[in-house]
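What follows is a single structure, written as structure tokens, with notes after it.
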Amino acid sequence: MGRILFFVVLGVGLYVAFRIWRVRQRRDAAARPERMPVEGEAIVRCGHCGLNVPRSEAVADGERWYCSEDHRRLERSPR
Ligand SMILES: [Zn+2]
């Protein structure tokens, strides 16, 4: 009798653990798209002000990126 009770408790314990795991998986999957940037869109950092901008909106200058044409000009001009 004690053995049966042990297996019942074990089964309930596994079921509860499985339910908790499923809820966590679902919560992670739901939270992920919000943090991800636009699909395939790389984020680059402005070399002048440090602002993060999507690469399609950034201004390239060699290997460096800028958030706007003004910042590219400011960074290039000697101070
Ligand atoms: Zn900038």
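Just so you know, all these numbers are worked out from the coordinates, no wet-lab data involved. Please read these numbers as outputs of a predicted model, since none were measured by experiment. With ideal geometry, Cβ positions are generated from the backbone for all residues, glycine too; neighbour counts draw on all protein chains shown.
See the values below:
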item: Debye-sum result for the chain in log10 I(q)/I(0), which assumes one identical scatterer on each alpha carbon, at q = 0.18, 0.24, 0.25 Å⁻¹; result: -0.80, -1.02, -1.06
item: Principal-axis tilt of helix 2-35 within the chain, Cα atoms, nearest 10 degrees; result: 20 degrees
item: FRET efficiency estimate (nearest 0.05) - Cβ-Cβ, Ala29 to Ala60, R0 35 angstrom; result: 0.50
item: Amide hydrogen neighbours beyond the local backbone of Trp65, cut-off 5 Å, H modeled; result: Gly47
item: Nonlocal amide H pairs with Val44, under 5 Å, H built at 1.01 Å; result: Val53, Arg55
